[in-house]
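Inspection log for the structure reproduced underneath, given as structure tokens.
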Amino acid sequence: MVVGTQSRYGRESASGPGPAVAVAPPHLDGEARRWVQRLRAGADGHEEAVRELHALLLKAARFEVGRQHARRPQFSPAERDDLAQQSADDALVAVLAKLDGFRGASRFETWAYKFALLEAGVAVRRHAWRGREVQLDPEAWGEVAARLQGPDDDAQMRELIAAVQHAIGAELSPRQREVLVAITLEDVPIDVLAERLETTRGALYKSLHDARAKLRGALALQGFEVGAR
Amino acid sequence: MSGPTREDRLERLLGSPGPELTCEECFEQLDRYVELELADAQADEHVPGMRAHLRGCPACAEDHEALHALLAATDAPAAERPEG
Ligand SMILES: [Zn+2]
């Protein structure tokens, strides 16, 4: 099941279905051009190229599922295989749909890998959160200060934390508060939250980004130095 | 239990000022950025706003880490790229 594949990858290239005849993209070097030409529908060697591409994507997906599993063992071998296969299948669809968007800024393989890694990463995080409720508590922001405080905070830190707490209440919309708390304090993965809220990673991150900017602005007005260290 | 430190929490909460790519732009540039990184070719100068986004966005940071690890594990592709 792929939900919102297009939005997950950002803009679609405005190519439409396109001609079945392979037109050599002039800006690509030999190896990349060979990939793109063969992957076009109806091209010579199309099916073989699709098989090669799928193998490449499967390798990347297995790599990512394995990497995540090594970090936090959570899957049976059969589940790992399923996740990798499904991710490679989804990535294949995405790569073929995006083919005209490949500009040769990297090797073709590198470009293709990222689709499989994204699919696999999202699949692993969603799988890990399956059955776990994502609490979006409209009042949870009230505990931010309590969550941030430490036993040996100096006066300055206590002041900053109090100001953060106040700014969250005063500056942010209820939705921004929920998103901020879920992602930055509850560690809910953005992709999991996006799925539950039926939105996209990009849209959620934008909302987080705007919320952070508002908080920093409010703190700066009160004379706090926040930001890059 | 070793979770993020309070400083990490504060940074995650407040982010950092300065220009930053969106998630969509980040995905668009990720392959190029990682190849530049692996080639020691001033990736951050070539793709401004990427580093800030990776610090601020845990999801894209995971994708970045994955691609970096995969390429590092397979070969050194960027170094083999022909010039131009
Ligand atoms: Zn992002």
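Structure values in brief
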| read-out | value |
| --- | --- |
| Residue that is more than 9 Å from every other protein chain (Cβ to nearest Cβ) and away from the ligand (no atom under 14 Å from the Cβ), where the choices are B:GLU7, B:GLU11, B:GLU35, B:GLU45 | B:GLU45 |
| Any chance A:GLU48 is out of contact with any Phe, Trp or Tyr (no Cβ under 8 Å at 6 or more places or on another chain) and crowded, with 20+ Cβ neighbours inside 10 Å | no |
| Wholly enclosed helices (runs of 4 or more DSSP H) of region A:133-229 bearing at least 1 residues within 16 Å of the ligand (Cβ to nearest atom) and touching a residue at least 60 places away in the same chain (Cβ under 8 Å) | A:190-196, A:201-221 |
| Residues satisfying the stated conditions in region B:57-75, i.e. within 10 Å of the ligand (Cβ to nearest atom), surrounded by fewer than 23 Cβ atoms within 10 Å (Cβ to Cβ) and over 10 Å from the mean Cα position of the chain (by Cα) | B:PRO58 |
| Hits in region A:82-102 - residues which are surrounded by fewer than 23 Cβ atoms within 10 Å (Cβ to Cβ), farther than 17 Å from A:ALA49 by Cβ and touching a Leu at 6+ places or on another chain (Cβ under 8 Å) | A:GLN85 |
| Residue in region A:121-132 that is more than 22 Å from the chain's Cα centre (by Cα) and either within 14 Å of chain B (Cβ to nearest Cβ) or open to solvent by 20 Å² or more (accessible area, probe 1.4 Å) (or both) present | no |
| Filtered residues of region B:5-48 (kept if open to solvent by less than 30 Å² (accessible area, probe 1.4 Å) and at positive phi) | B:GLY15 |
| Given (1) open to solvent by 50 Å² or more (accessible area, probe 1.4 Å); (2) at pLDDT below 90, number of the condition A:GLY142 does not satisfy | (1) |
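The values are calculated or read from the model by the stated rules, or taken from the named source; none is laboratory data. Quick caveat, the model's predicted, so the values are computed rather than measured. FYI the Cβ positions are ideal-geometry reconstructions off the backbone, even for glycines, and counts take in every protein chain you see. The accessibility values were calculated without ligands, DNA or RNA, using every heavy atom of the protein model including side chains. Shrake-Rupley method; radii C 1.70, N 1.55, O 1.52, S 1.80 Å.
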